[in-house]
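Coordinate-derived values only; no laboratory data. Just so you know, these numbers come straight off a predicted model, no measurement behind them. A quick note on method: Cβ atoms are made from the backbone with ideal geometry, for glycine too, and the neighbour counts reach across all protein chains shown.
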Amino acid sequence: MHGGADSPRARTSLWLVAAVAAVAASTFAADLHLTLGASAAPLYEIAVLLGLWAPRRWFAAGVAALASGLILAEAVVTAQLPVGSTAFNRAMTLLAVWSTAFLVVLYKHAEDAVRARQREAQAYLDIAAVAIVATDRDGRVALINRKGCEMLGRAAGEVLGRRWLEEFVPPEHRDEAAAILERLLGGDLESGAYFELPVIAASGERRTIAWRSTVMRGEGGKATGVLSSGEDITERRRAEEAARAQQALARVGQMAAVVAHEVRNPLAGIRGAIQVLSARLPSGESERGVVKAVLDRIDGLTEITDELLVFARPRPHRRGPVALRRVIDEAALLLAGDHAGVTVDVQGDDATVVADARILKSAFFNLFLNAAQAVGGHGEVRISIGVVGRHVHVTVLDRGPGIPPEWRERVFEPFFTTRHRGTGLGLAIVKRDVELHGGRVVLDCPAGGGTAVTVSLPLPPPV
């Protein structure tokens with residue numbers, strides 16, 4: 001259906017009919033009051049020209065027929081016979097009115113043909129498996145297909161006419177994108193050149209797109225804009241990163257087997273031997289202090305070895321329905337035992353997920369521990385739970401110094417740490433365990449300061 005009386009097409013038709021009626025009535029009235037030999041009938045051409053804005057091509061012909069009837073009616077009303085100059089004027093007016101109507105109909109016919117070709121071309125573009133985007137020399141979007149709209153998560157009307165770089169390219173990549181477009185338009189970069197640049201979707205998500213672009217040229221070969229085809233390779237890049245991580249994990253696993261055999265067991269033996277020897281030492285404070293320092297270092301090495309083994313050899317999952325709020329509360333109690341100066345504020349409704357409660361509790365405890373260390377062991381850590389669509393989001397917010405921009409992309413990498421004697425495996429284990437549950441971990445540094453880490457977990461399908 002094309003809509004009722006309130007549709008744009010219907011409103012346009014009503015406006016045109018009213019305008020034509022006004023012009024025709026005014027012309028007819030003026031023609032009745034003019035002296036013999038003069039005529040206002042040529043003004044009917046204005047009414048005919050209004051057919052250029054009509055949704056139907058034959059509108060102008062109907063107006064010409066109306067004008068012809070009024071011209072003849074005026075002759076009858078004034079009882080003036082069509083002789084002399086008056087007859088000639090009216091004959092010329094009728095010829096002009098019908099000639100104008102003919103030209104308007106031809107124009108509308110050509111306009112309809114162009115629109116049909118545009119719809120046909122758009123249909124071809126819409127079935128393309130890649131995004132198609134055309135921009136003019138000013139960088140404004142002149143054309144986008146359905147795949148491109150899906151890529152941006154926007155309707156075509158929200159994209160057409162907007163500046164591509166300013167609206168849809170992340171700020172840190174705009175200079176790079178502008179340089180590429182300038183080289184294309186200047187002929188320094190050959191058409192069909194391949195490059196990868198991200199776009200910002202309506203949801204705020206950044207998608208990695210593989211582009212191939214060519215220059216559009218007008219008369220004289222002058223560049224008029226750029227036509228680009230883009231393939232969304234976000235998932236492919238994520239899969240490649242996951243594969244690289246798995247390869248690294250396999251190497252770590254091999255190393256962990258060596259560590260377990262060559263380090264972990266001997267450390268346990270050394271610790272036991274030192275404890276036996278310490279019982280035979282004099283009871284002086286200095287001797288006991290040395291023994292305690294040695295045992296603390298051994299315990300630290302053992303902790304590092306255990307973390308390495310946990311990362312290299314994930315524990316088997318035993319999944320079942322888990323009340324998320326209970327898991328978070330238990331992790332918060334564990335943190336309170338180690339950091340009495342940190343207050344954990346949990347807000348939000350409970351949600352049930354299918355997961356391994358033991359592994360989830362360990363993951364949240366690691367996040368809470370990082371937040372507590374960020375506030376220096378004294379302050380507040382806020383936990384918010386919320387359901388968005390078919391996912392539950394748990395955000396851990398601290399008011400610490402935040403994370404420098406150059407480190408934010410690396411905090412979940414294995415062995416990357418900014419802490420003295422840290423292994424850099426805590427957040428890597430959290431990320432791996434969350435992803436094994438079908439979830440995601442996203443880090444953000446709010447403008448007000450601090451760090452926010454959001455864990456997104458899928459909800460079970462409705463029964």
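Note on segment 320-458: with charges restricted to the Cβ of Lys and Arg (+1) and Asp and Glu (-1), its dipole about the Cα centre is near 200 debye. Put simply, segment 125-206 fits an ellipsoid with semi-axes of 20, 15, 12 Å; these come from the alpha carbon gyration tensor as the roots of five times its eigenvalues, largest first. A simple spin-label model places pseudo-atoms 7 Å from Cα toward Cβ; at Ala91 and Glu158 they are separated by 6.3 nm.
What is the projected area of the convex hull of the Cα atoms of segment 291-365, averaged over all directions, in nm²? If you can, show how the numbers build up before the last one.
Working: hull surface 26.2 nm².
Mean projected area of the Cα convex hull: 6.6 nm².
Note on Asp138 and Leu14: the model spin-label points, each 7 Å out from Cα along the C-beta direction, lie 3.4 nm apart.
Within the shell defined by Cβ-Cβ distances under 9 Å, the residues around Ala201 carry a net charge of +2, with Lys and Arg each +1 and Asp and Glu each -1. For Leu52 and Ala242, the difference between the fully extended length at 0.36 nm per residue and the C-alpha to C-alpha distance is 62.5 nm.
Solvent-free Debye calculation, one equal scatterer per alpha-carbon of segment 320-458: log10 I(q)/I(0) at 0.09, 0.12, 0.14, 0.16 Å⁻¹ equals -0.24, -0.43, -0.60, -0.80. Spread over its residues, the convex hull of the C-alpha atoms of segment 190-280 is 175 Å³ per residue.
Ranking Val354, Ala428, Leu324 by how far each Cα lies toward the positive end of the dipole of segment 320-458 (charges on Cβ) leaves Ala428 at the top.
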